[in-house]
Every structure is written in C-alpha cells, then in structure tokens.
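The values are calculated or read from the model by the stated rules, or taken from the named source; none is laboratory data. Here the structure is a predicted model, which is why all the values come from computation and not from measurement. Glycine also receives a Cβ, built like all others from the backbone with ideal geometry; neighbour counts cover every protein chain displayed. Calculation scope for accessible area: heavy atoms of the full protein, side chains included, ligands and nucleic acids excluded. Shrake-Rupley method; radii C 1.70, N 1.55, O 1.52, S 1.80 Å.
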Amino acid sequence: MTTDKLSRPQLFKGIALFTPGGDLIYCIDPNKQGRWHLHLCTALQEILDLPEPPHFLVPCYTATIDHWLDPHSHRVRTFAEAYPAVIRHQAVLNAIFSTDDLVWQTAPWQEGLCDRMVLTTYRSSFPQLWEDHDLVVNLDLSQPVPKYSQPVIAAQNVQQKTQCYVLRLFVAGHSANTERILQNLHEMLERSLGYPYTMKVVDVLTNPEQAEIDQVSATPTLVKVWPHPIRRIVGDLDNDEKLLQMLGAKEKN
C-alpha cells in the first residue's frame, strides 16, 4: 500500500476498484462529490498502459463505503458493500478505509453486466488487467487535477527505485486475527516506513502455489520481496522493532 495519512475524515465516501488479477485502486472523498469511477478507470489506463479506460470493470469489481451522519440520532453510520467478485477482499478494504473489523454487505449481482464469460472477452485487449502487479494505489482527488500516489507496480519494474518496498503477507483464511494483523501492519508501515510500499495479502488456502514459490510453510508470514535481499518474518508480526529490522528500514523521525 502506498504511504498516506493514517487519519481518515469522520464523514466520507470511498470506492475501491479491483482488477481480475487482484490489483487495487481506491479513493476517499470527504466532499462526497462522486464520478470516482471515471477517475479510477482513467488512472488505471495510465498506470497499466491500457488502450482505453476499463469501464467494463464497473460495477462488477467495485466496493463502496459511506460514512454518513444520521440526522435523527446525530450518530455516524456506515454503509459498506462489495460485489461478489471482490467480497473476499474485506480485510484489505478494512485496512485501506481504516474500518477495523467491519463486515461488508454483498452487493446484488448485476445480470447482463457481470457475466464472467462476457468479461473474459476483454482479456485479449486488456491482458494487463488479468496480471498481478502487486498494485495498490490511493487516488488523490483533493488536487485540482486528480493524481495518484506513485505506485509500486512489480518487483522487476521497481529495481531502478531502491527506496520502494514490495511486501507479501501470507495468511490462512479470513478471520478476525487476520484483520487485526493486517490493520496493525498497515498502521506500523504508515507510521514508521519512510518510503512507498505495496503489501499484497495472499491466502495460502486458496493460493498454495504462491506460498510454494515464496517458500512459505507457516502463517502468518511477511515476506519482503524488494529491495533485495529477500527477507521474511514468521509468526510474531506485532514487534515493530523486529519488523523494521527485517525490512532494513529506519523509523521516520
């Protein structure tokens, strides 16, 4: 995840757009303006060098959240929903939107729009969307011209910028403990790591091949893929000092 401020406005709307390959671009809008889909698709086109904005991903691969003030109770309420194709990413969504262990609702499937066979017809024209680039980007809509935080797209593309980190967190299934670990890591990295980074969450139960590639035999395991040398820490992910030592990083002043 690219570094940004930990604090979130009390009232905001947010949207996350995933790709079939598992990359993520999202934005947080305290002004609740809208038209996020256009900005997110345009940013994906630029980042991944696509022939055109991938509007066909909407709404099938989106998740939305709204923190709003109930005029009757004067309490902040939250409505969050994700489409079936991305509902499994709840832990990641809670981390980027700082919503702890919020349970997301499943949005109704859009007949005629989200048919997997129809979506697959785009694969030959947009092959980058079906690849995993370890990409998590926060699109900044507070600027007059929308800009996105500099992404770390893939280890082989990052080698010219040594002050970037590519991390993989291996977990076993979705649980409250997984969400706690992810939230704690997100907070520590945002607070202490002085460089841009991406952190890809890999469930070894559904993606054992990736665990084998990274030689992961126990969970949770955090692997630093880049910069070299590759390092890992198993089990104890609550010790900030050990984590920063493993990353070879110094705390920000």
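Is there a residue in the stretch 26-43 that is touching an Asp or Glu at 6+ places or on another chain (Cβ under 6 Å) and modelled with pLDDT of 80 or more? There is no residue in the stretch 26-43 that is touching an Asp or Glu at 6+ places or on another chain (Cβ under 6 Å) and modelled with pLDDT of 80 or more.
Residues in the stretch 62-82 that are open to solvent by less than 30 Å² (accessible area, probe 1.4 Å) and within 17 Å of Thr106 (Cα to Cα): Thr62, Ala63, Ile65, Ala80, Ala82.
Screening Val103, Val86, Val76 for residues that are farther than 20 Å from Trp130 by Cα, of a type outside the set (S, T, N, Q) and at pLDDT 85 or above leaves exactly one candidate, Val103.
In the stretch 211-235, the residues that are touching a residue at least 60 places away in the same chain (Cβ under 8 Å) and of a type in the set (Val, Ile, Thr) reach residues that are crowded, with 20+ Cβ neighbours inside 10 Å and assigned to a loop (DSSP other than H, G, I, E, B) with C-beta atoms within less than 8 angstrom, at least six apart or across chains, in these pairs: Val225/Asp134.
Residue-by-condition table, conditions (1) at pLDDT 80 or above; (2) more than 15 Å from the chain's Cα centre (by Cα); (3) crowded, with 20+ Cβ neighbours inside 10 Å:
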position	(1), (2), (3)
Gln110	no, yes, no
Asp115	no, yes, no
Val118	no, yes, no
Pro127	yes, yes, no
Val145	no, yes, no
Val158	no, yes, yes
Tyr165	no, no, yes
Phe170	yes, no, yes
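The set of residues in the stretch 190-210 that are modelled with pLDDT of 80 or more and either open to solvent by less than 50 Å² (accessible area, probe 1.4 Å) or assigned to a helix (DSSP H, G or I) (or both) comprises Val201, Val202, Asp203, Val204, Pro208.
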